[in-house]
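In what follows, a single structure is set out as structure tokens and then discussed.
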Amino acid sequence: MQRRDFLKMGFAVGAAFSLETLSGLFPAAAAQTAGKPDETAGGTPSLVAVRNGSRIAMLEAGLAALGGIGAFVKAGQSVVIKPNCAWDKTPELAANTHPDIVGRLVKLCKDAGASQVLVFDHACDAWQRVYKNSGIQEAVESNGGKMISGADESMYRDHDNPQAVKLKKAKVHQAILDADVYINVPVLKHHSGARMTACMKNAMGLVWDRSFFHNNDLHQCIADSVLLRKPDLNILDAYSPMLRNGPKGKDANDLIDTKALLIGTDIVAVDAAASKLLGNKDGDVRHIDLAAGMGIGSSDLSKIGIRRISLA
């Protein structure tokens with residue numbers, strides 16, 4: 001069975017999923033104007049949803065809608081980019097953030113005058129193989145960035161998290177604590193324990209002891225982890241979401257081609273939109289509701305400014 005076919009047969013876990021409207025996040029094709037916003041909210045939007053272009057074209061269009069990379073990165077600032085880069089999988093299997101997105105983002109930050117751009121994740125598989133086989137290391141280094149290890153405990157520092165419910169303290173990677181700008185760049189996929197991986201779940205890769213999350217209410221700890229340091233910007237690779245067998249996946253039949261990218265400053269809103277792309281209903285992903293209840297962001301997409309852009 002091809003991946004489009006199993007989705008049409010009802011694999012998505014929530015309300016009916018439409019490849020045309022992506023569960024209502026985008027209007028039907030008849031209402032779209034190629035290359036132009038489908039909806040423009042007054043002022044700077046909290047969320048930009050882009051579809052139907054190359055990964056690089058969607059990244060650049062989404063950033064432009066938020067004022068460009070210069071709205072987030074100033075000359076002389078240090079930047080840390082945190083992708084999903086945890087699994088020894090090649091790019092076409094979408095277990096990690098696609099290297100095209102990470103590489104172009106590094107270049108944009110360097111072009112904006114960043115003093116340095118560091119990229120890391122606390123990988124689950126052997127980190128050297130993950131960095132290489134994901135394609136992320138080559139993409140980062142060829143664009144002037146630097147990959148650093150997430151596998152060295154000495155690079156993590158104790159950090160208090162007083163507003164958290166469960167995760168009151170954690171060892172956090174020093175690159176995150178020291179950077180002027182923190183950009184969160186996960187990939188969208190199913191997760192067997194957390195229901196989905198998106199922007200908030202990606203924060204687990206900032207800490208040394210991930211077992212604490214699994215032993216102390218995973219969803220609450222995911223919401224708490226955002227408070228360790230809120231990202232300045234969230235860029236979610238939703239080009240080929242993994243709809244089953246996450247977080248690592250088995251093969252390309254676990255994926256569906258949606259050709260979408262979500263970008264925003266409100267991490268909860270980005271995850272709420274992402275949840276719809278996986279076919280979830282409101283309330284299905286508990287850490288989204290927990291984070292909204294803690295005041296971290298908004299999960300009600302009807303109450304935020306959304307810019308919708310179709311590039312084709």
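List of remarks:
- When residues in region 281-312 are screened for being in contact (Cβ under 8 Å) with a residue 40 or more places away in the chain and either in a helix (DSSP H, G or I) or open to solvent by 10 Å² or more (accessible area, probe 1.4 Å) (or both), 18 of them pass.
- Output for region 126-140, where each listed residue is open to solvent by 20 Å² or more (accessible area, probe 1.4 Å) and either out of contact with any helix residue (DSSP H, G or I) (no Cβ under 9 Å at 6 or more places or on another chain) or polar (S, T, N, Q) (or both): Ala126, Trp127, Gln128, Arg129, Asn133, Gln137
- Of residues in region 201-225 being under 30 Å from Gly53 (Cα atoms) and not small (Gly, Ala, Ser), the one most open to solvent (accessible area, probe 1.4 Å): Lys201
- Looking across region 238-260 at every residue that is out of contact with any Lys or Arg (no Cβ under 7 Å at 6 or more places or on another chain) and either among the aromatic types (Phe, Trp, Tyr) or assigned to a strand (DSSP E or B) (or both), the one that is most open to solvent (accessible area, probe 1.4 Å) is identified as Ser240.
- Output for region 272-298, where each listed residue is within 19 Å of the chain's Cα centre (by Cα) and either more than 19 Å from Pro241 (Cβ to Cβ) or β-branched (Val, Ile, Thr) (or both): Val285, Arg286, Ile288, Asp289, Leu290, Ala291, Ala292, Ile296, Gly297, Ser298
- Within region 231-247, one or more residues are out of contact with any helix residue (DSSP H, G or I) (no Cβ under 8 Å at 6 or more places or on another chain), farther than 30 Å from Gly68 by Cβ, at pLDDT below 95 and not aromatic (Phe, Trp, Tyr).
- Entry remark, region 173-222: residues being in contact with a Ser or Thr (Cβ under 9 Å, 6 or more places away or on another chain) and part of a strand (DSSP E or B) number 10 in total.
- Scanning region 272-302 for residues that are at pLDDT 90 or above and of a type in the set (Lys, Arg), we see that the one that is nearest to Ile235 (Cα to Cα) is Lys276.
- Within region 194-210, the set of residues being within 13 Å of His287 (Cα to Cα) and touching a His at 6+ places or on another chain (Cβ under 7 Å) comprises Ala194, Met196, Thr197, Met200, Lys201.
- Residue in region 41-53 that is closer than 19 Å to Glu141 by Cβ, open to solvent by 10 Å² or more (accessible area, probe 1.4 Å) and modelled with pLDDT of 95 or more present: no
- The helices (runs of 4 or more DSSP H) located wholly in region 52-159 that include 1 or more residues which are in contact with a strand residue (DSSP E or B) (Cβ under 9 Å, 6 or more places away or on another chain) and of a type in the set (Val, Ile, Thr) occupy 99-111, 136-142.
- Taken together, Gly53, Gly70 contain a single residue that is closer than 15 Å to Leu233 by Cβ and of a type in the set (Gly, Ala, Ser), which is Gly70.
- Residue in region 89-105 that is touching a Leu at 6+ places or on another chain (Cβ under 8 Å), β-branched (Val, Ile, Thr), within 18 Å of Gln77 (Cβ to Cβ) and in contact (Cβ under 8 Å) with a residue 60 or more places away in the chain present: no
- The listed residue being without any contact (Cβ under 8 Å) to a residue 40 or more places away in the chain and closer than 24 Å to His159 by Cβ, out of Asn215, Asn234, Asn202: Asn215
- Among (1) more than 19 Å from Val119 (Cβ to Cβ); (2) in contact with a Leu (Cβ under 9 Å, 6 or more places away or on another chain); (3) at pLDDT 95 or above, the one test that Leu206 misses: (1)
The values are calculated or read from the model by the stated rules, or taken from the named source; none is laboratory data. Keep in mind the model is a prediction, meaning the values are calculated, not measured. As a convention, Cβ positions derive from the backbone with ideal geometry for all residues, glycine included, and neighbour counts pool all protein chains shown. These area figures cover heavy atoms from the full protein model, side chains too; ligands, DNA and RNA do not enter into them. Shrake-Rupley method; radii C 1.70, N 1.55, O 1.52, S 1.80 Å.
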